[in-house]
Amino acid sequence: MTEDYLVKATAEHGMFRAYAVNATELVREAQKIHGTWSAASAALGRTLVGTLLLATSGLQGDQAGLTVKIQGNGPVGFIVADGTANGTVKGYVHNPHVNLPLNSNGKIDVAGAVGKQGTLSVTKMNVADKTPYTGEVNLVSGELGDDFTYYLAQSEQIPSAVGLSVFVNPDDSIEVAGGFLVQVLPGASDEQIADLEKSIQGLPLVSEMLRDGKTPEDILKKIFAGQELKILEKMPVKYQCDCSKDRFSQALASVKKEDLEEMINQDHGAQAVCQFCGKKYEFSEDELRQMLKDKD
């Protein structure tokens with residue numbers, strides 16, 4: 001068992017913010033829940049890691065969480081992930097059973113699975129007034145690391161570099177998964193930025209480093225080799241779904257009266273299934289009748 005955790009750091013005396021995460025166990029959990037095949041596993045895993053990095057780096061105190069939606073023209077269809085500032089994430093992919101030939105680099109063809117045309121959107125909810133804010137950009141590659149980078153530059157106006165990586169075994173199990181996010185802050189010199197770009201261009205895949213036993217701290221030390229790096233925080237991360245029967249009950253109570261009546265008279269009850277974790281919730285005829293009664 002590996003330990004899933006994320007580290008937050010600053011580098012070059014506060015000129016850069018940096019985050020790195022080992023998310024192996026949580027991506028394994030997602031693969032088991034959804035039964036994803038290799039290409040879908042890599043696409044969903046990268047989305048979960050990217051969502052974690054966005055949530056832990058960008059949410060403010062009055063924002064409970066964020067939702068990332070990838071809508072590409074590839075065979076996996078859309079991907080949805082929810083992340084929180086305290087390191088939890090959940091997600092699902094529309095078509096989990098996608099397995100493609102390896103790309104020209106001998107790697108899983110994530111861009112082929114996601115599609116190179118489409119959108120990446122991020123919705124944040126303000127807790128105080130329940131107002132959602134959504135930023136959306138076009139996909140630039142479908143590889144997802146590039147797409148998260150582009151989103152941060154365009155919607156958040158934060159020059160950034162995002163690396164996302166998932167290694168899937170031949171039996172569709174997840175060997176390792178993780179990523180990094182580096183943000184350039186005001187005051188960074190052109191020389192410092194150029195050095196960072198050169199370092200990232202020469203960086204091995206995150207999955208290669210994790211397979212070699214490297215930690216999130218090691219990944220950041222490699223990015224900022226020979227530079228000042230200050231680790232600020234180490235936090236656990238995990239795949240966690242917060243669904244409940246009460247939440248589904250509220251959703252059912254909002255459907256039309258005639259639909260509730262049909263569930264009672266024809267189906268003699270209802271079953272709700274959570275898309276994020278697969279948990280099933282049963283509702284009896286009596287529970288549905290009470291919902292009808294409450295509508296009057």
Q) (1) of a type in the set (Gly, Ala, Ser); (2) over 28 Å from PRO75 (Cβ atoms); (3) surrounded by 14 or more Cβ atoms within 10 Å (Cβ to Cβ): which one isn't true of GLY202, the others all being true? A) (3)
(Q) Take the residues in region 237-266 that are among the aliphatic types (A, V, I, L, M) and assigned to a helix (DSSP H, G or I); name whichever of them is surrounded by the fewest Cβ atoms within 10 Å (Cβ to Cβ). (A) ALA251
(Q) It is to be established whether one or more residues within region 45-64 are in a strand (DSSP E or B) and over 30 Å from SER189 (Cα atoms). (A) yes
Q | Odd one out for SER284 among (1) of a type outside the set (Lys, Arg); (2) farther than 30 Å from LEU26 by Cβ; (3) surrounded by 14 or more Cβ atoms within 10 Å (Cβ to Cβ); (4) at pLDDT 90 or above | A | (3)
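Residue-wise test of (1) among the hydrophobic types (A, V, I, L, M, F, W, C); (2) modelled with pLDDT of 95 or more; (3) more than 30 Å from HIS13 (Cα to Cα); (4) within 17 Å of the chain's Cα centre (by Cα).
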{"residue": "PRO132", "(1), (2), (3), (4)": "no, no, yes, no"}
{"residue": "GLU143", "(1), (2), (3), (4)": "no, yes, yes, yes"}
{"residue": "ASP146", "(1), (2), (3), (4)": "no, yes, no, yes"}
{"residue": "VAL182", "(1), (2), (3), (4)": "yes, yes, no, yes"}
{"residue": "ALA188", "(1), (2), (3), (4)": "yes, no, no, no"}
Q. Out of all the residues in region 205-235, which are surrounded by fewer than 18 Cβ atoms within 10 Å (Cβ to Cβ), part of a helix (DSSP H, G or I) and touching a Lys or Arg at 6+ places or on another chain (Cβ under 9 Å)?
A. GLU208, GLU217, LYS222
Q.
For region 167-188, give me the residue count where each residue is in contact with a Phe, Trp or Tyr (Cβ under 9 Å, 6 or more places away or on another chain), crowded, with 22+ Cβ neighbours inside 10 Å and farther than 12 Å from TYR19 by Cα.
A. 4
Q. Cβ-Cβ below 7 Å, separation at least six or inter-chain, first residue in region 67-89 and in contact (Cβ under 8 Å) with a residue 24 or more places away in the chain and over 19 Å from SER57 (Cα atoms), second of a type in the set (Val, Ile, Thr) and assigned to a loop (DSSP other than H, G, I, E, B): which pairs?
A. PRO75/VAL98; VAL76/VAL98
Q) What tally of residues in region 210-228 results from selecting those that are among the acidic types (Asp, Glu) and either modelled with pLDDT under 95 or closer than 17 Å to MET15 by Cα (or both)? A) 1
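The values are calculated or read from the model by the stated rules, or taken from the named source; none is laboratory data. Treat the numbers as computed from the prediction; the structure is a model and nothing was measured. Every residue, glycine among them, receives a Cβ derived from its backbone with ideal geometry; neighbour counts consider all protein chains shown.
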